[in-house]
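Here's the structure we're looking at; comments come further down.
Just so it is clear, none of the values below were taken in a lab; they were calculated from the coordinates. Note that this is a predicted model, so its numbers are computed, not measured. Every residue, glycine as well, gets a Cβ built from its backbone with ideal geometry; the counts of neighbours run over all protein chains shown.
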Amino acid sequence: MQTYAERLHAALVEQHRKCFDPERKALRPEYAEYISCPVCDSSNAQLFFEKDWFTFSRCRECAMVYLNPRLNEQATYAFYNSQWNAIYNETKFDEVSTSTKLDDEINAANLDRIVRVRGPAKGGRLLEIGCAKGFFLRTARDAGFEVHGLELNERNYQRSRAELGDGIRNVDLMTAAYPADHFDVIYMRDVFEHVPNPKAMLEEMNRIARSGCVVFIEVPNIEGLMYKLVRQRHICVFGFEHLNYWAPETLGKLLERTGFTVREVVHSSLDFSLRDVLLAYARPGFTTLFPPATPRPVRKALEVLVDVFARPPLARLDPKITRALANKARRGSVIKVLAAKP
């Protein structure tokens, strides 16, 4: 019987086979979509890196990193409804695990930060885009908010709606067609890197936001130290799902261009330690099919070091020190950007 990791890898191999031409090592033409920079619309870009035959570009005008070409709408829809996603969701959403409990803790802390940034304002109407199993919305409801959520995954939608009511909808933001000046808080975590047209999405968020509305966006930070050190080896560099690779500067520029004012940028580094860096080079992540070649002696040496950093006292000191340094240097592997509609 295959393990979870073996099933996940086999499903990813099958999706890659469907979408790519092995002779050209490129997306099949019927599945490829070519774009300009999603922040400044420039076509002046240079190669940033490649991974598993996906090409990642950096805009020469604004430094945005984005996938180009990327899967078109048809291929993207097929991937999100593929066996790979079904297997991945077994641990991401379907079971209670260390990962899901950590997600819940992060969401609760994020709500506390939103409340502090809003100041004396109490409650209000809150929208979460990509509400998944609904933990954040339950916490927000208990804090006095009128909660609304959008969730495209059918199973998560049914689960959240059963508990939270008619405010949960199984549509995307554009289809939802909320009234103008409607929300006091809009929340997105681990969503915005997936969005194919981020500028249009922020413009719609501005339309439905009331004056003073707080917008919270949490995304991986391509300028974080973890990404600088491991580059395409990072599991979040994943061409099938992650289209845009944000940094404080690029996300700030797009928020300003769509009518928001950045209030706060918070850095977090849960996945950054020297051991994490060594692991990225020693063992391919679950989103990697064709890892860069590493000589066998080097791999063996890396595995020894990985084991050393897993033992006390390094197991405790390593993440504590490296994450604190990354966050202090404002190079966290994740950024939490809080903005407001003036």
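So between GLU303 and ASP104, what do we pick up on full extension, going 0.36 nm a residue minus the alpha carbon distance?
Between GLU303 and ASP104, full extension yields an extra 68.4 nm.
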Checklist entry - When only C-alpha pairs under 8 Å and at least 6 residues apart count, what is the relative contact order of region 30-120, in percent? => result 20
Item to check | Segment ASN72-ASP41, length gained on full extension (0.36 nm per residue, minus Cα span) | outcome: 9.3 nm
Checklist outcome for this item: Under the helix-only model (-39500 (n - 2.57) for each DSSP H run of 4 or more, divided by the residues of the chain), the mean residue ellipticity at 222 nm, to 500 deg cm²/dmol, is -12500 deg cm²/dmol
Checklist entry - Given a cut-off of under 8 Å on Cα pairs at least six residues apart, what relative contact order in percent is computed for the chain? => result 17
Checklist entry - In terms of Cα to Cα distance under 16 Å, which lysines are near enough to LYS25, apart from those fewer than 8 places away along the same chain? => result LYS51
Checklist entry - How about LYS101: which lysines have a C-alpha closer than 24 Å to its C-alpha, ignoring those fewer than 8 places off in the same chain? => result LYS92, LYS133, LYS320, LYS336
Next on the checklist: At a 10 angstrom cut-off on C-beta neighbours, averaged per residue, how do the peptides 27-38, 239-250 rank from highest to lowest?
Outcome noted: 239-250, 27-38
Checklist entry - FRET efficiency for ALA310 and ARG28, Cβ-Cβ distance as r, R0 = 51 Å, nearest 0.05? => result 0.75
Next on the checklist: Could you tell me how many cubic angstrom of Cα convex hull volume the chain has per residue?
Outcome noted: 153
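State the antiparallel share, in %, of DSSP beta bridges confined to the chain, rounding to the nearest 5.
Numbers: 29 of 46 bridges.
Around 65 percent of the beta bridges assigned by DSSP in the chain are antiparallel ones.
Could you work out the relative contact order of region 95-196? I mean the mean sequence separation of Cα pairs under 8 Å and 6+ apart, divided by the number of residues, in percent.
It comes to 27 percent, rounded to a whole number.
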Checklist entry - If you add up the charges near PRO196, with Lys and Arg at +1 and Asp and Glu at -1, over every other residue whose beta carbon is less than 13 angstrom from its beta carbon, what do you get? => result -3
Checklist outcome for this item: Taking every DSSP bridge whose two residues both lie in region 148-243, the antiparallel percent to the nearest 5 is 0
Item to check | Under 18 Å from the Cα of LYS300 - aspartates and glutamates, other chains or at least 8 residues apart | outcome: ASP276
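Subtract the Cα-Cα distance of ALA176 and GLN2 from 0.36 nm times their separation in residues, and report this length gain in nm to one decimal.
Additional length available on full extension: 58.6 nm.
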